[in-house]
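J.: First the structure, then my questions, so here it is.
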Amino acid sequence: MLLRDRSEDLAAAGVRPLAISRDSPWSHAAWAQTLGVDVPLLSDWNSEATRAFGVAFEPLGMVDVAARSAFLIEDGKTIVAAWMLGRELPDIDAVIEAAR
């Protein structure tokens, strides 16, 4: 289940999802349009967020690849919960429960 499919549940819990990836803003725009994504997509083109959140790793010699992760941030500054997800998508129910 995708974030967009649970947008009403997330909003009811006071969660405003944002997605960040190392992809360019142009690829985000194409991806959002093609897949109908309604979650804001932020580009971490220079990997500042990847390093700051401590989710960078180096598979096959590639530098600063971001591990799939989810963070619940309160007031835009305090991380109250974090999940390292590997290849999995976030458990939206766990995010909602943590937000409550």
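J.: In the chain, carbon and sulfur make up what percent of the accessible area (probe 1.4 Å)?
T.: C and S fraction of accessible area: 54 percent.
J.: Could you sort the peptides 6-12, 76-82 by per-residue average Cβ neighbour count (10 Å cutoff), highest mean leading?
T.: Descending mean neighbour count gives 6-12, 76-82.
J.: In Å, what is the Rg of the alpha-carbon atoms in segment 1-56, and how long is Dmax?
T.: Cα radius of gyration and Dmax of segment 1-56 are 12.6, 33 Å respectively.
J.: Could I have the simple spin-label model distance between D9 and L60, label points 7 Å from Cα toward Cβ, reported in nm to one decimal?
T.: Placing both labels 7 Å along Cα→Cβ, they lie 3.4 nm apart.
J.: Find out how many positive minus negative residues lie around V65, taking Lys and Arg as positive, Asp and Glu as negative, among other residues whose Cβ is under 9 Å from that of V65.
T.: That works out to -1.
J.: Restricted to Cα positions, what overall size does segment 37-100 have along the principal axes? Three whole-Å values, descending.
T.: That gives 40, 24, 23 Å along the principal axes, largest extent first.
J.: If the chain between A98 and S47 were fully stretched, how many nm would it gain, using 0.36 nm times the residue separation less the Cα-Cα distance?
T.: Result for the pair: 15.7 nm of gain on full extension.
J.: Working from Cα positions, state the angle (0 to 90°, nearest 10) between the long axis of helix 25-35 and the longest principal axis of the chain.
T.: 50 degrees
The values are calculated or read from the model by the stated rules, or taken from the named source; none is laboratory data. Computed from a predicted structure; not experimentally measured. Here the Cβ is made from the backbone with ideal geometry for all residues, glycine too, and neighbour counts use every protein chain on show. Protein only, heavy atoms only, side chains kept; ligands, DNA and RNA dropped before computing areas. Shrake-Rupley method; radii C 1.70, N 1.55, O 1.52, S 1.80 Å.
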